[in-house]
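I have placed the structure first, in the form of structure tokens, so that the comments after it can refer back to it.
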Amino acid sequence: MTQILEISDLKALAKRRVPKLFFDYADSGAWTEGTYRANEEDFAKVKLRQRVLVDMTNRSLETTMIGQKVSMPVALAPTGLTGMQHADGEMLAAQAAEAFGVPFTLSTMSICSIEDVASVTTKPFWFQLYVMREREFVLNLIDRAKAAKCSALVLTLDLQILGQRHKDLRNSLSAPPKLTPKHLWQMATRPGWCMKMLGTNRRTFRNIVGHAKSVTDLSSLGAWTTEQFDPQLSWKDVEWIKERWGGPLILKGILDPEDAKMAAATGADAIIVSNHGGRQLDGAHSSISMLPRIVDAVGHQIEVHIDGGIRSGQDVLKAVAMGAKGTYIGRPFLYGLGAMGKEGVTKTLEIIRKEMDITMALCGKRDINDVNRDILAD
């Protein structure tokens, strides 16, 4: 643990410990991966103003996201197949986030179910919803999230059809994964991962199997997932989802000011500026490059959050300076989880917090709520 100083250290360790097909799933983008790379590279282009001889005592990163108190403006993003990075991954990540005082967002395409995560946490977590063609299943998902006392619903808007990810195709990754000789060899070279996976019965999409009408076992899951994402999803669907849910609603996948204006008009509580981590439209703008334009367009109407490309506490601070009221980390916590399980997720959050705290002080600020574009260099 003492040698792990930055997120890239956790990434390197996870790559050694997680079978290639699952590590690549978390670490891939669409087509050329140009947008995936831009998400990270464009953060590096943002420069900070160094300030000196200011009082740096009594610093605080505490703030709120959609009115909920957080220890820092960071949430764990919804990520599919999290439980294949490490056995019971969603449950462990949720516990780490709860102890740290930041939100955990469970994906519809999680390995551990809503009920699994609720069974090991004491505080409400957030749930991310994909809208499927089978509306009864979607309504049931919303009701299950309500029964589990989830405190926010994150509706993903940018996965009506799947972007092509070359690594997944070359790895023959499917849902559920098919255990070919190549895959068995990859797993055999990761004995620690295998032993942990043998110790759990959570190895499929437990939000789906046994809940969707036509999915009763693993053999029927693959066909269901390939045909269920709804290409006809539209703004009118937000209304009935919002009504059925009845609680705080966050819309994820906004990358254009015009879409941001339409999202704000729905009455949602927040939007997430996001390009799905570069996993959908390759060639799209990076999230951080679009954040200022979207904040200028709707920041006075709706809370603006961001995900995509955040790899450090400095990245979080830059996003906050540009107007984001919250940020989401996906790959960083997956690297931590794959590297060291629950301890690794905690380590990820500690790295982010320390980097953000020190950088904020060196920019002349003591309270995250006072951070604005003044800390950015021209």
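Give the lysines reachable from residue 20 as a straight Cα distance under 29 Å; neighbours fewer than 8 places away on the same chain don't count. The reachable lysines, counting only those whose Cα sits under 29 Å from residue 20, are 11, 167, 178, 182, 196, 252, 342, 347.
Partner lysines whose Cα lies under 22 Å from the Cα of residue 365, excluding those fewer than 8 positions away in the same chain, are identified as 45, 47, 69, 318, 325, 354. Here the sum of -39500 (n - 2.57) over DSSP H runs of 4 or more residues, divided by the residues of the chain, equals -13000 deg cm²/dmol at 222 nm, to the nearest 500. Sorting 195, 262 on solvent-accessible area from highest to lowest, probe radius 1.4 Å, gives 195, 262. Candidate membrane-span-like segments in the chain, meaning DSSP H helices with Cα atoms spread over at least 24 Å of their own axis and a Kyte-Doolittle mean of -1.0 or above, are 342-362, with no membrane implied.
Other residues lying with their Cβ under 9 Å from the Cβ of residue 90 contribute a combined charge of -1, Lys and Arg counting +1, Asp and Glu -1. Over the chain, accessible surface divided per residue gives 43 Å², non-protein components excluded, 1.4 Å probe. Here the accessible area is traced with a 1.4 Å probe on the protein chains. For the chain, carbon and sulfur cover 52 percent of it.
Take the Cβ atoms of residue 235 and residue 168, set R0 to 35 Å, and the FRET efficiency comes out at 0.75. The spacing between segment 323-353 and segment 220-295, judged by their C-alpha centroids, is 23 Å.
The values are calculated or read from the model by the stated rules, or taken from the named source; none is laboratory data. The model shown is predicted, which means the values in this text are computed figures rather than measured ones. Here Cβ is always computed from backbone atoms with ideal geometry, including for glycine, and neighbour counts include all displayed protein chains. Note: areas computed on protein heavy atoms with side chains; ligands, DNA, RNA excluded. Shrake-Rupley method; radii C 1.70, N 1.55, O 1.52, S 1.80 Å.
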